[in-house]
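K.L.:
Sharing a structure, written as structure tokens. Questions coming.
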Amino acid sequence: MADHHPTGNIMAVDDQPANLRLLEQMLTSQGHRVRSFPRGRLALTAAGQQPPDLILLDINMPEMDGMEVCRRLKTDARLSRIPVIFLSALNETADKVNAFRSGGADYITKPFQMEEVQARVETHLRVHHLERDLRRHAEHLEEMVETRTRELAEAHSRLRILDQAKSDFLTLISHEFRTPLNGILGIGQLLLDKMSPGGESGTFREMFRQSQERILAILDDGMLLTQIEVEPEKFEPNRLSLGAVVTTATRQTAAFAALRRVSLEAEAAEECFVRGAEALLVKALQSLFETAVRLSGPGEIVRLSSALIPEAVQLTIEGGGNIPSSALPGFFRLFSVGEALTCKGDLGIGAPVASRILSLFGGSVAVENREPAGVRMVVALPRDASDHSGCLSPN
């Protein structure tokens, strides 16, 4: 399809009536709207009242020459973008240079040819229209960005309020739960103390102890997860010895493993430093150890090994049991914990809590089934940037 020539509102300024009539006839025949003025001052006033799309401007005029008219146009923010094509009998290079310095977009030497004027006018109108459309598009984009930024800021503010409300609500619930819960647990303990030793009392005591521990752990873990989500800045990372963290986590898991007749073995480690909050990293590793113990059966072994990888440390926890393949993708998701992954029931929220803690300090954890049997969890923790020492012994 042929490209139609652009049309526009054109102002012609020349002190020679014959030139104005010729320009009017030529430009009107091309579909342009033309306004003619014999003086520069008149043209400036008219342009201020109704800005044109393009100005054809003679240089040699009485009262105010074309270059002065052009300079005044360029100092007016509303008129400065209007392209000015000079029409002049002056054909010296210096004259043309001065015309361009005053703000002219083009220069046509008199006597002009109609075809040349038409071509120059069409070219500058097309450029002017494109620039105008581009500015409008940019302004529209700016408005959209400002609107979107304002909406995002408002949404972020609402989310902060909701997060704070959630944190306050969970704090309240945790506190209010503990008060009646302490009463229930206290009464339960009194009743168990009154039972005669032997028989089923030992079983009841163990069931009561496990339920008590789990309820309190759920309250504590729920509060911790909320703090990590809402106020992660409160957990300031420090330079930590990973060997000390592993040792503490292993020691605190030992009784849990022994109760279930699962052996816990951790290979000796050399010194290595990571960044994190010590209590939280200990809790994360302990939760993963306990998860591996829960998946394992009596007589099985949960092993911890370690290896140095680029800029990080990798800890591998291997134990018995098996995880259904359908449950592997959501193993560390908080709302997948209700699935019964073992014959003893669900695994609690220890694994999701560990995953959130590790993520808080730039770490990660993944899980997979081993062949021929067993489960493997792999933890990766970034090394401290200032650590140039050796690290955990490779496998």
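Readers should treat all values here as calculations from the given coordinates under stated rules, not as data from a laboratory. Everything quoted here is computed from the prediction, not taken from an experiment. Because the Cβ atoms are built from the backbone with ideal geometry, glycine has one as well, and the counts that use them run over all protein chains shown.
K.L.:
Rounded to the nearest 5, what % of the DSSP beta bridges within the chain are antiparallel ones?
P.N.:
Among the beta bridges of the chain, antiparallel pairing accounts for roughly 55 percent.
K.L.:
Could you order peptides 271-277, 38-44 by the average number of other Cβ atoms within 10 Å of their residues, highest first?
P.N.:
271-277, 38-44
K.L.:
Here are a few candidate values for Rg/Rh (Cα atoms, Kirkwood Rh): (1) 1.42; (2) 0.97; (3) 0.99. Which one was actually calculated from the structure I just gave you?
P.N.:
Among (1) 1.42; (2) 0.97; (3) 0.99, the one derived from this structure is (1).
K.L.:
Separate question: I need the peptides 253-262, 210-219 ranked by packing, meaning the mean over residues of other C-beta atoms within 10 angstrom, with the highest value on top.
P.N.:
So the order, starting with the most tightly packed, is 253-262, 210-219.
K.L.:
Then there is this: In whole Å, what three semi-axes, largest first, describe the equivalent ellipsoid of the range 39-83 built from its Cα gyration tensor (square root of 5 times each eigenvalue)?
P.N.:
Calculated on Cα positions only, the semi-axes equal 16, 10, 9 Å.
K.L.:
Can you find, among 264, 277, 190, the residue farthest towards the positive end of the dipole of the chain? Put +1 on the C-beta of Lys and Arg, -1 on that of Asp and Glu.
P.N.:
So the residue furthest toward the plus end is 190.
K.L.:
For helix 201-230, report the angle its Cα long axis makes with the longest principal axis of the Cα atoms of the chain; keep it between 0 and 90° and round to the nearest 10°.
P.N.:
So the helix axis and the longest Cα principal axis differ by about 20 degrees.
K.L.:
Calculate the spin-label point distance for residue 215 paired with residue 134, positioning each point 7 Å from the Cα along the beta-carbon direction, and give it in nanometres.
P.N.:
7.2 nm
K.L.:
Taking the inverse of the average 1/r across all pairs of different Cα atoms in the range 9-112, what Kirkwood radius in Å do you get?
P.N.:
Answer for the range 9-112: a Kirkwood hydrodynamic radius of 13.4 Å.
K.L.:
Can you compute the charge dipole magnitude of the chain about its Cα centre, using +1 on each Lys and Arg Cβ and -1 on each Asp and Glu Cβ, nothing else charged? Give it in debye, rounded to the nearest 20.
P.N.:
I would put it at about 520 debye.
K.L.:
Which residue, 89, 358, 67, has the largest displacement toward the positive end of the dipole of the chain when charges sit on each Cβ (Lys, Arg +1; Asp, Glu -1)?
P.N.:
358
K.L.:
Rank the residues 184, 55 as a footprinting-exposure proxy: fewest other Cβ atoms within 10 Å of their Cβ go first.
P.N.:
184, 55
K.L.:
Enumerate the amide H contacts of residue 383 below 5 Å, restricted to partners 5 or more residues apart or on another chain; note that Pro and chain-start residues carry no placed amide H.
P.N.:
Amide H neighbours of residue 383: 312, 313.
K.L.:
Mind checking the dipole of the range 9-112: about its Cα centre, +1 per Lys or Arg Cβ, -1 per Asp or Glu Cβ, Debye to the nearest 20?
P.N.:
About 320 debye.
K.L.:
Then there's this: Name the residue farthest towards the positive end of the dipole of the chain from the options 310, 232, 375, assuming +1 on Cβ of Lys and Arg, -1 on Cβ of Asp and Glu, about the Cα centre.
P.N.:
Of the candidates, 232 comes out farthest on the positive side.
K.L.:
Something else now. In 10 Å bins starting at zero, report the fraction of Cα pairs in the range 8-49 per bin as a rounded %.
P.N.:
Pairs per bin, as whole percents: 32, 53, 15.
K.L.:
Moving on to the next point. What nm distance separates the two modelled labels at residue 42 and residue 378, each placed 7 Å from Cα along Cα→Cβ?
P.N.:
Calculated label separation equals 8.6 nm.
K.L.:
Excluding residues fewer than 8 places away in the same chain, name every one of the aspartates and glutamates whose C-alpha is closer than 16 Å to that of residue 96.
P.N.:
58, 65, 68, 106
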